[in-house]
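Notes to accompany the following structure.
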Amino acid sequence: MTGDLLSLDGVSVVFKIGGGLGLIGAKHVVALNDVSFTLPDKSEIVALVGESGSGKSTIARLALGLLRPTVGKIMYKGREISDWLKVDKERFRREVQSVFQDPYGIYNPYYKVDRFLYIALRKLLHINDAEHARSLIVEAMRALGMRPEELLGRYPHQLSGGERQRLMLVLALLIKPRLLIADEPVSMIDASLRAIFLENLLELKNKLGLSCLYITHDLITANYVADRALVLCHGRLVEAGKSEEVIRDPLHPYTKLLVDSMLLPDPRSVNVSSVASLDVRRLSELKPERGCVFRYRCPYAMKICEDKEPVLNDVGRDRRVACFLYSDQTISTQLG
Ligand code: SF4
């Protein structure tokens, strides 16, 4: 669809796990099931929220072109991402950047962080003059409230997780991407740096007009930075709306569970592991073979929830939910 920055149209991803020669005995794991949503071509932070194993990181990999959907289409600016990678990979890599949970793996441990930033500037912006590159880096760091004299000249392991994360935002400020895919960017950094990182992210949105897919298990930070929230459960999109409305008045029983597990309204003091520590170790065992993906844990489950899978329905302005509690189908089924 043209006019959208990013769009997923009926995307499913199925992984094969195990199996011998010819994959006999392999198991199929559905990581995403018929997911559709769009990020319009305007500056917006959209939170993708769910527990571990809900499919959030699979969407991050799809949006970065690191994975192809089994079924459905994923488009950036109206063109399939697989097409971008064939035709204009360099522009796609410049326009769509990422920040991961711990970016340590992205840094070369033998290179000082300055060199990492120089190489990115040379490859993505063709800036070959080291002096010029350094002045841009220093300016970008200062713009995000960092002290270049304390951080440049160090190796990645000499920085804290939060400092490494904020350097990824410095890189974003330098490269000026159109879309940032941030996958659990603050879950491994301490509370004080978490707030600074989120402020920096909002600054980037306002300064550069970028959009961000902010992937998190934590509704509190989602509420702090995101304009809209999409809630994923077992690879299905179950609720979507303005983030403050989804969090203030959750409709789907799964979203209610996530909201109930929030402890404090301040992202500087909350224990971000609160939602992650829900009973997720046996998450795949809790996923029903058919019917609503949440029915084993849902206190409102009805007969229809065993047999049919609810689809996302409009339930108000900019609000959608996939639950038979909000569906006309339930009423007609129950009336016989
Ligand atoms: Fe619960 Fe049924 Fe709604 Fe699923 S569809 S969340 S089982 S009430």
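Values quoted throughout were computed directly from the atomic coordinates according to the rules given, and no laboratory measurement underlies them. Every value quoted in this text rests on a predicted model; they were computed, and no experiment measured them. Every residue, glycine as well, gets a Cβ built from its backbone with ideal geometry; the counts of neighbours run over all protein chains shown.
Think of each Lys and Arg Cβ as +1 and each Asp and Glu Cβ as -1; about the Cα centre, that makes the dipole of the chain roughly 740 debye.
Annotated for segment 4-249: lysine pairs at least 8 residues apart or interchain, Cα distance under 12 Å, count 5.
Counting only DSSP H runs of at least 4 residues, each contributing -39500 (n - 2.57), and dividing by the residue count of the chain, the helix-based mean residue ellipticity at 222 nm comes to -10000 deg cm²/dmol.
Multiplying the residue separation of Asp328 and Ile106 by 0.36 nm and subtracting their alpha-carbon distance yields 75.0 nm.
Computed log10 I(q)/I(0) for the chain at 0.06, 0.08, 0.12 Å⁻¹: -0.23, -0.41, -0.89, from the Debye equation with unit scatterers placed on every C-alpha and solvent omitted. Shown in residue order for segment 232-247 are the 3J(HN,Hα) couplings computed by the Karplus curve 6.51 cos²θ - 1.76 cosθ + 1.60 at θ = phi - 60°: 10, 9, 6, x, 10, 7, 10, 7, 8, x, 4, 4, 5, 6, 4, 7 Hz (x for Gly and Pro). A DSSP coil position with no more than 16 other Cβ atoms inside 10 Å describes none of the chymotrypsin sites (Phe, Trp or Tyr not before Pro) in segment 159-258.
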